[in-house]
Amino acid sequence: MTLRPYGATLLPVALVATTLVLAAPAATASSVGRPAALGRQWEIAAGRAVKIEVRKDGWYRVARRRLERAGADFTAPGRLRLYEEGTEVPILVQRGAIEFYGQGRDTASTDTRAYWLVKRAGLGRRIGVAAAKQPRSGFARTFHSTFDRKYRTTYSTLRNGDLQNYFGDQIYARATTLVLGAPGLAGRSGSLEVVVQGLSHRDHRIAVTLNGRALGAIAFGPLAHVARRFTLPRGLLHERKNSLTLTSTGGDTDVSYIDAVRLTYLRTYRAEHGGLSFSLAARAAGRVTAFTRPDVTVVDITHPASPRLLRPSVERAHGAFTALIGPASRARKLLALTRSAAPLAVVRNRASHWHETGGADLVIIGYRSFLPHLARLKAYREKQGLKVALVDVEDLFDEFTFGAHDPQAIKAFLSGARTQWRPAPRYVILAGDATSDPRNYLGQPARDFVPTKIVDTEYMETASDDWFADFDADGVPEMAVGRLPIRTPAEAAAVVDKIIGYEQATTAASHEALLVSDTGFEPATDSLAKLLPSSTSAVTVNRRDGPTDAVVRGRILDVLNRGPSVVNYYGHGAVDIWTGAGLLDSTDARSLKNAGRLSLFVMMTCLNGYFIEPKTQSLAEALLRAPHGGAFAVWASSGLTTPGDQIRANEELFRQLGATDAPRLGDAMVRAKSVIRDLDVRRTWILFGDPLARLRPTY
C-alpha cells in the first residue's frame, strides 16, 4: 500500500474524506416504529421455525423433504405460515414443496433476507391462482427493460454515512471501458444512466462515449456522488456487446470511481435462460417465447408482498414453447419461468430468548463455532464471582434485525439489556473478526463473524466498536467494550489461553515499561514517563537517537522479547507498522518470544487498530494473535486523528493503570476517553482484549 505523511500518521492513498455523518442511537422495539412486528419476530425466534435465506429476487421452491430435515412440521400444511420482518407473506403449499416470491436485500452489511416458516393456529396466507385465459390477439410486442449493473471491486473510506463504500474501477485520464449487454433488444434506442463517485479533492469532468459515439460529459464537484442520464440515438445499441468508455478530462489529478450503470431499452418478450421479468400495459396480453420446456410458471409481482400465480396457456412451435398471458385492466409486472430459484440456505432455528429480562456483568457475543472456547473464558470469570452471558451473535440477528446480518442487532440488544437486565451489563466482549467487506465483494475467506459499526470521522470512514455501547452518542461508551478479532476456532482457543494465562502466570511480572518515540514525539514520551509508578522503570527508545532505523528497530525487539509490562508508542503509523521505516510491523509481532511475560500495548498513532482491512492484518491483531508472545491486550486506533487528545487520553490511561485500586483495562480506557473532547479519538480507539483484564501487580 502506498503511503504519504498526514499529521500524526501515514495515510494510505485510498483513504478519502467527505461529509461527516454521526451514527444514530440504537433501535429498540419502541423506536423502530414496528413494535408489533418485532414482538412477533421474538416469538418466532424463541420457538420452532425454519429459516429460509435468499439473496436475489425470484420465485422460490423449497422441497418438503428439505424443510422437514430443518424441523418443519407438515402434519397440518394449512397452518404453515411464512414471515418476513415479522409480517406474514403468502405462500403456495403443494404436496411436495412450498413456493413463494422472495426478495434479496441491498444494504452495506448484507444481501441476504430471511424468511421464517412456522406452524401456528388458523390458516396461513396463501397465494391466489388466477384462471387460465386463451388470448388470441392484443399481444404487446415490446416493453422497457433496464439492465442495472453495480460495480463493487474497490473499497474507499469515503464518509457517506450508512451507504456502502464499494465502487468499481477508477476513472482516469486514460479511458476506462465497460461492456454492456442488451439481450432481447427490439429497438436500437434507449437511455443510459451513469452513476459516479468523485475521489480526488477537485472538480471533475468525465467524457462518456458509447460504441464510439460521444454522448456528453458528467461535471460535478469534489467527492460528490452523482448520476447523469443520456438519451441514446436510434441505431446505436447492439444486443450482445456495447462498449462504454469513461474518461476524465481534467488531467492526472481528476480521479473518480464508477458506481453503477443503468441501460434502459425496448426489449422483446423472449425468455433468456428459462425466464423473463417483464411488464404489460393495461389491457395488453402477453406472449413470452423461447422456453425449452412447457411447464411455464407466471407470477404477477406488481405488488411483491401479495403476488398472484397466473396459469398461462402454452403453445409449441418450431421446437420451443410460448406462454400466452391474458390481459388485465391494470398495468402489471410479471415473472415467467420454467425453473424456480433455490434458496441460499434452509436451516433449523435455534430458539433464543435474549430479548427477555436477564442479568449479567459481562456479555460475550461470539460467532457460533467459537463459543466452545469462549465458554472457558466465561467459566473463568464466573469463578471470580461475575455473572456472564455467552451469546451467539446469530441469535441477535434473528431477534433484533429479523435474521439480517446487521450491527444494529448488537446495539439494540445491549440497549435493551442496559435498561431491563439486573444486573445490567458493564462489560462486553465482541468475540470474532469483522471486515469492511461484509458482503465479500473481494472474494476473501469469510471474516465478518461479529460485525463492527462503520462510522464517519473527520478524515475517513472506519470502525467503532464503542458505538455499540455509546447510547448517548458522545463517543464514550456506557459499557466497556473489548474485541477479540478471531477468525478460527484455533485462534479463539489461543487468544482465550492468552487472557487466562496472563492472569494466572507464575512468572514474576516485569518491572519495565517500554516507551517508544518517533522523531518529534519525544516530549510526549518524557511526560508519560513521569506518570509511571516508582516500582516500574522506563526503557525509552527514541528514533531520533539512531544511529539508524535498523539499530532502533533491533533495540525495540530486544526489549519486547523481555516482556515489558506496558509498551507505549507515540508517532506516525499505518495499518501494520510504526513509522514509514517500520520500527515495528506485523511480521515482527508474529516472531516475538515473550510468552511468559505478555505485554499491554498502547499505540498512540493512526490505523494500528484498523482491523477491518480484508487483505492486511493490522498490527493490533498481529500482536494479539502472536503465537509465542506479543500482547494480552492492545489499545489502538482504527482511524486518522490529530495528536492533541491522543496525548491527554494516553496520560489519563497511565494514571488509571497506576492507581492503587488497579482498575480493569476496560474501565481505565473508558475513563481515559471521558477526559477528552475529540470525538474521533473517543470513537476509534479500540481495546483488543478482555475489558475485565487487569495489569499484573508490579506495574
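Total residues in region 100-123 satisfying the condition of being surrounded by fewer than 17 Cβ atoms within 10 Å (Cβ to Cβ) and among the aliphatic types (A, V, I, L, M): the figure is 2. Considering the conditions (1) buried (at least 22 other Cβ atoms within 10 Å of the Cβ); (2) touching a Pro at 6+ places or on another chain (Cβ under 8 Å); (3) among the charged types (D, E, K, R), Arg126 is excluded by exactly one of them, (1).
Scanning region 452-469 for residues that are in contact with a Pro (Cβ under 7 Å, 6 or more places away or on another chain) and part of a helix (DSSP H, G or I) returns Asp466, Ala469.
Every condition in (1) touching a His at 6+ places or on another chain (Cβ under 9 Å); (2) surrounded by fewer than 18 Cβ atoms within 10 Å (Cβ to Cβ) holds for Arg262 except the one numbered (1). Residues of region 527-538 include at least one that is touching a residue at least 60 places away in the same chain (Cβ under 8 Å), among the polar types (S, T, N, Q) and not in a loop (DSSP other than H, G, I, E, B). Taking the numbered list (1) part of a loop (DSSP other than H, G, I, E, B); (2) modelled with pLDDT of 95 or more; (3) out of contact with any Phe, Trp or Tyr (no Cβ under 7 Å at 6 or more places or on another chain) in turn, Ala490 passes all entries but (1). Only one entry in Leu232, Leu210, Leu192, Leu263 is outside the structural domain of Val455 (by TED's automatic domain parsing), modelled with pLDDT of 95 or more, over 16 Å from His144 (Cα atoms) and in contact with a strand residue (DSSP E or B) (Cβ under 8 Å, 6 or more places away or on another chain), namely Leu210.
Determine, yes or no, whether Thr419 is over 23 Å from Asp558 (Cα atoms), surrounded by fewer than 16 Cβ atoms within 10 Å (Cβ to Cβ) and free of Cβ contacts under 8 Å to residues at least 60 places away in the same chain. When the stated conditions are applied, Thr419 passes them.
For first residues located in region 638-667 and under 20 Å from Trp467 (Cα atoms), partners that are among the acidic types (Asp, Glu) and surrounded by fewer than 18 Cβ atoms within 10 Å (Cβ to Cβ) and lie 6+ apart or on another chain with Cβ distances below 8 Å form the pairs Leu640/Glu458; Thr641/Glu458. Among the residues of region 503-510, is any assigned to a helix (DSSP H, G or I) and more than 24 Å from Thr642 (Cα to Cα)? Looking for residues that are assigned to a helix (DSSP H, G or I) and more than 24 Å from Thr642 (Cα to Cα), one finds at least one in region 503-510, hence yes.
Each residue in region 386-411 was checked for being crowded, with 21+ Cβ neighbours inside 10 Å and within 14 Å of Met479 (Cβ to Cβ), and 4 pass.
Out of all the residues in region 188-203, is one or more part of a strand (DSSP E or B), on the phi > 0 side of the Ramachandran plot, out of contact with any helix residue (DSSP H, G or I) (no Cβ under 7 Å at 6 or more places or on another chain) and crowded, with 20+ Cβ neighbours inside 10 Å? Yes, some residue in region 188-203 is part of a strand (DSSP E or B), on the phi > 0 side of the Ramachandran plot, out of contact with any helix residue (DSSP H, G or I) (no Cβ under 7 Å at 6 or more places or on another chain) and crowded, with 20+ Cβ neighbours inside 10 Å. The sole residue among Ala328, Ala317, Ala323 that is at pLDDT 95 or above, of a type in the set (Gly, Ala, Ser) and not assigned by TED's automatic domain parsing to the domain that holds Leu180 is Ala323.
The values are calculated or read from the model by the stated rules, or taken from the named source; none is laboratory data. The structure displayed is predicted, hence computed values, not measured ones. Heads up, the Cβs are rebuilt from the backbone with ideal geometry, glycines too, and the neighbour counts pull from every protein chain shown.
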